[in-house]
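Quick notes on the structure that follows.
The values are calculated or read from the model by the stated rules, or taken from the named source; none is laboratory data. Since this is a predicted model, take the numbers as computed values, not measurements. Cβ sites come from the backbone with ideal geometry, for glycine too, and all protein chains shown count toward neighbours. Just so you know, the surface numbers come from the protein's heavy atoms only, side chains and all, with ligands and any DNA or RNA stripped out. Shrake-Rupley method; radii C 1.70, N 1.55, O 1.52, S 1.80 Å.
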Amino acid sequence: MSSHRLRPNRRHLLAGAAASAATLAAPAIVRAQNGPLKVGVLLPRSGLQAGIGQDCQRAVGIAPAIFKSMGLPDLSIMDADTESNVDTARARAEKLINDGAQLLVGAFDSGQTSAIAQVAEQKGVPLVINIAAAPDITEQGYKFVFRNFPTAPMILGSAFANQLELFGLVGAAPKTVVFMHVNDTFGTAMSKGIGIVMPKFNMPYTIVDEIAYDPAARDLSVEVAKAKASNADALLVVSRLNDAMLLTRELVKQRWTPQAIMSMGPGWYEDQYIKTLGKLSDGPISFDPFYDPHKKLTKVLDDALAKADPGVNMSTNHVYTFEALLVSADAYKRAGSTDPKALADAIRTTNITDNVSIGPGIQFNAKGQNDKLKDGTIQNRGGKLMTLVPKESANAKPEWPMTPYQSRG
């Protein structure tokens, strides 16, 4: 046998290499389809919004066991801290994708979420938003961004409708309110939204003053003094956690208890707010996306949270973070693939009726928005969160007006 017959030519080498590559690649594809879906979860676990981000994280911890009981596939969670910073959120989203994340979830804050959405769309990786209300996020024509959380106008419309129902229940209503709000992306969107949405409702009150402030402020004494001087019957607020506590302490210090504190955002229902302020936390009413206490899955989630974190009140943070992961697991089960396009297509056809939040369930319109969500009306009562409105989701009657801070003992 001559030597040239023992030396493989270039064509044989290329053919052999291709065959070997195909053989090696096949098992990897099978593992990708049958193994856990790699989900990058972005939350502000440090920085200004750390308390809320850490609260959202509680739902991430308890979700896998619940999904297993529901027959849903495993998720491999890849955690990332946005540090309450937009630029960090963008960088962490890119790193998660580079590290193999096949789907993203996050990020509570609208500004951070907007930055993550841009990365997800550019990379062609689905993003399922847990909490973020700025309306423009789902107005960009994105194909890989989905939001199971109401936009600011949706929150406002539902809030005004719920306020009217609440006023009917208590047989009273404020005639004037002062509107205080954070000046971040969410607060600004809510402020603009009020001007558009409120005229559509025949509200019994007028807004006598609007006071914007920095959510990172350490002193809101001037703002509260200005609000008190307006002589408004009630306080309408769009807050975050730290400033909600700061505002409450100033209200106590300046001896002003409004007829009602009506919140259209986070802060006042947070567990940290309730535990830090004790009796001073009672009374505020929040008009926000919330859970339906009568749904079957609500009890499952609540029981799991109570077991994992005794004494923690289930709130919006847990509900919508859990549901974002539920959407992800459900889509992966139906897609049967980690291919981003297949996952996105599956999310578009989501139809989950066994869920936790108020409303008929989880579906997405052509913009990737669940437009069927409804707010709840919840009141802080004795360290708990009680649902007052809508009637079909209520488990308590409202207490109105607020008990003066000085007579709480």
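Some values worked out for this structure:
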item	result
Selected from D302, D87, D292 as most flexible by GNM, with the chain as the system and alpha-carbon contacts under 10 Å	D87
Three-way shape label, segment 170-300, alpha-carbon gyration tensor, a/c 1.5	rounded
Overall form of segment 241-341 per C-alpha gyration tensor (a/c, 1.5; a/b vs b/c)	prolate
Value at 222 nm in deg cm²/dmol, rounded to 500, when DSSP H runs of n ≥ 4 in the chain each add -39,500 (n - 2.57)	-14000 deg cm²/dmol
The chain: most fluctuating residue of P266, P293, P199 per GNM, C-alpha cutoff 10 Å	P199
Label-to-label distance, nm, for residues given as N98 and M203 (7 Å Cα→Cβ offset)	4.6 nm
Mean separation of Cα contacts under 8 Å, 6 or more apart, over the residue count of the chain: relative contact order %	18 percent
Expected-Rg normalisation [2.2 N^0.38 Å, Cα atoms] applied to segment 252-409	1.21
Length released on extending from R381 to A308, taking residue separation times 0.36 nm less the Cα-Cα span	24.0 nm
The chain - Rg (one decimal) and Dmax (whole number), Cα, Å	24.4, 106
Computed log₁₀ I(q)/I(0) - Debye formula, equal Cα scatterers, no solvent, segment 30-88, q 0.25 Å⁻¹	-0.97
Most mobile listed residue (M245, M262, M70) in the chain, GNM with C-alpha springs under 10 Å	M70
Under 13 Å from K299, Cα to Cα: aspartates and glutamates that are on another chain or at least 8 residues apart	D354
N351/K299 FRET efficiency (R0 25 Å; Cβ-Cβ; nearest 0.05)	0.70
Rounded FRET efficiency, nearest 0.05, which uses the C-beta distance separating E392 from N231 and R0 of 35 Å	0.40
Calculated diffusion of segment 223-275, Stokes-Einstein form, Kirkwood radius summed over Cα pairs, 25 °C and 0.890 mPa s, µm²/s	217 µm²/s
Listed pairs K143/K275; K372/K397; K175/K295; K175/K391 exceeding 31 Å between Cα atoms	K143/K275; K175/K295
Most to least packed among 214-222, 275-283, 339-347, 375-383 [average Cβ atoms within 10 Å]	375-383, 339-347, 275-283, 214-222
Set of lysines near K95 by C-alpha distance (under 17 Å), chain-local residues within fewer than 8 positions excluded	K38, K123
Whole-number D in µm²/s for segment 105-232 (Stokes-Einstein; Kirkwood sum over Cα pairs; 25 °C, 0.890 mPa s)	149 µm²/s
Accessible-area composition of the chain, carbon plus sulfur, in percent [1.4 Å probe]	53 percent
Of all DSSP beta bridges in the chain, antiparallel share, percent nearest 5	25 percent
Accessible area per residue, Å², the chain with all protein chains present, probe 1.4 Å	42 Å²
Alpha carbon centroid spacing (whole Å) that separates segment 120-176 from segment 297-368	17 Å
Candidate lysines - alpha carbon under 16 Å from K253, same-chain residues fewer than 8 apart omitted	K226, K228, K279
Farthest positive-ward along segment 192-320 dipole, Cα basis, beta-carbon charges - from V222, M203, N242	M203
In nm, spacing of pseudo-spin labels at N365 and D219 (7 Å Cα→C-beta vector)	4.6 nm
